[in-house]
1. Which one of V257, V210, V191 is touching a Cys at 6+ places or on another chain (Cβ under 8 Å) and surrounded by 18 or more Cβ atoms within 10 Å (Cβ to Cβ)?
2. If you go through the stretch 224-254 one residue at a time, how many are of a type in the set (A, V, I, L, M, F, W, C) and open to solvent by 30 Å² or more (accessible area, probe 1.4 Å)?
3. Among all residue pairs at least 6 apart or on different chains, which show Cβ distances below 6 Å where the first residue, located in the stretch 395-408, is in contact (Cβ under 8 Å) with a residue 24 or more places away in the chain and part of a helix (DSSP H, G or I) and the second is of a type in the set (A, V, I, L, M, F, W, C) and open to solvent by 90 Å² or more (accessible area, probe 1.4 Å)?
4. Does the stretch 153-167 include one or more residues that are over 17 Å from R234 (Cβ atoms), open to solvent by 40 Å² or more (accessible area, probe 1.4 Å) and out of contact with any strand residue (DSSP E or B) (no Cβ under 7 Å at 6 or more places or on another chain)?
5. How many of the residues in the stretch 386-408 are over 18 Å from A99 (Cβ atoms) and open to solvent by 70 Å² or more (accessible area, probe 1.4 Å)?
6. If you take just the strands (runs of 3 or more DSSP E) that sit entirely in the stretch 294-377, which of them hold at least 1 residues that are farther than 30 Å from M271 by Cβ and either in contact (Cβ under 8 Å) with a residue 40 or more places away in the chain or open to solvent by 80 Å² or more (accessible area, probe 1.4 Å) (or both)?
7. Of all the residues that make up the stretch 41-89, how many are assigned to a loop (DSSP other than H, G, I, E, B) and either open to solvent by 60 Å² or more (accessible area, probe 1.4 Å) or on the phi < 0 side of the Ramachandran plot (or both)?
8. Scan the stretch 23-40 and give yes if some residue there is in a strand (DSSP E or B) and more than 25 Å from A215 (Cα to Cα), otherwise no.
Amino acid sequence: MALSPAAPPLPPSPAALQGVRVIEMGQLIAGPFCGKTLGEFGADVIKIEAPESGDPLRNWRLIKEGTSVWWQVQSRNKRSVALDLRQKEGQDIARQLIAEADVLVENFRPGTLEGWGMSPEELHQLNPGLVMLRISGYGQTGPYRDLPGFGAIGEAMGGLRHLTGEPGRVPVRVGVSIGDTLAALHGTIGVLTALYHRKVNGGKGQVIDVALHEAVFNVMESLIPEYSAFGVVREAAGSALPGIAPSNAYPCTDGWVLVAGNGDSIFKRLMDAIGRPDLGAAPDLANNTGRVARVKEIDAAIDAWSAQRTVQQVLDALGAARVPAGKVYTAKDIAEDPHYRARDMLLTQETRDGYRVEVPGIVPKLSATPGTIRSSAPHLGDDTDAVLAEMGLTAEQIALLRSKGVVQ
């Protein structure tokens, strides 16, 4: 799907969030990922960036034509206003924008907005219906609130880092900023919930407080109940899924394959497929508890079978047996996979620098109001004049603000 840099007309059917205005004051990952998600479903996202430098994500990882290609994904469907929030006039403009907005997204250190005269109390006096999402390392309260916190630290405090990697070795990161993204998704849920409450239940605006470590902790499954009930501290287990068997990565002649044979009936089909019907018929392996007790034996049997075959041969055999299995995808595998393309998960975007780049599609998929890419990621300050004009400022007033360095 090719896109022009300018936003095309909206589709005939209104987007799910059409009419919702979001002011995004965050930077890097957590706040902006929430803004990205809301924008994909029709919200008007106005991104406030610092003049001259802009969001640091513009310069993260691989750069093309002076801008990160990551930026092309994270900031599509947004309008960029370069505004100096350290200056009083910049703060006044931000307050005017927020006064007319539905949602404010910010991921500064707690206290930053308060220092600019934009506490929740002050902003709700201006705009009682404002939904205010605040993402931070440790939340807006508690003894750690003022400590600096990035996603990696949240992953550690939330319990995830202790479980990644091989037993007894250095804890490894997932490979992407999963802590930030989990916080963004929790923030998105909070925003949509608050908007529903405001519209359907007659509620007013409210503050959504998302801490990075709490977003990670929320997906840690049975970690705490097991410690509470049994005193068990769950440890890293490499590619296995402790307490659930068999579910692991198994060697092939040309790589690795992941097999999830942990359902009772699936296990029997898996054992038949690998030529071990004796294990499939063993009474003590009929349920997960018994299989966990003999997991090393089961894994060894699958290893012996898979190690004699290619990844594709294993996938073909297990697919025929209706056993969940998959290879470990690289970026190249994803880019060449027909299923990704059939589901519009690889889209071609034309950037404002004039080159085309493939980007991830939109998740989740709504049947009546699917998400869309209406415009490509903006250059810094692309929309400053247009947004200020919408506020009622004249060209002369905008020029004066620009001469003072308040806007760019």
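1. Answer to the selection: V191.
2. Total meeting the criteria: 9.
3. From residues that are in contact (Cβ under 8 Å) with a residue 24 or more places away in the chain and part of a helix (DSSP H, G or I), there are no pairs.
4. We begin by selecting, within the stretch 153-167, every residue over 17 Å from R234 (Cβ atoms); these are 153-154.
Okay, now just the ones that are also open to solvent by 40 Å² or more (accessible area, probe 1.4 Å), so 153.
So of that shortlist, the ones also out of contact with any strand residue (DSSP E or B) (no Cβ under 7 Å at 6 or more places or on another chain) come out as 153.
So far as the stretch 153-167 goes, yes, one or more of its residues are over 17 Å from R234 (Cβ atoms), open to solvent by 40 Å² or more (accessible area, probe 1.4 Å) and out of contact with any strand residue (DSSP E or B) (no Cβ under 7 Å at 6 or more places or on another chain).
5. 6
6. The qualifying strands (runs of 3 or more DSSP E) are 346-350, 356-360.
7. 17
8. Initial filter on the stretch 23-40 (in a strand (DSSP E or B)): 23-24.
Now narrow it down to the ones that are more than 25 Å from A215 (Cα to Cα): none.
Looking through the stretch 23-40, none of the residues is in a strand (DSSP E or B) and more than 25 Å from A215 (Cα to Cα).
The values are calculated or read from the model by the stated rules, or taken from the named source; none is laboratory data. Everything numeric here is computed off the predicted structure, so don't read it as measured data. With ideal geometry, Cβ positions are generated from the backbone for all residues, glycine too; neighbour counts draw on all protein chains shown. Ligands, DNA and RNA are stripped out before the accessible areas are found, and what is left, the full protein with its side chains, is counted by its heavy atoms. Shrake-Rupley method; radii C 1.70, N 1.55, O 1.52, S 1.80 Å.
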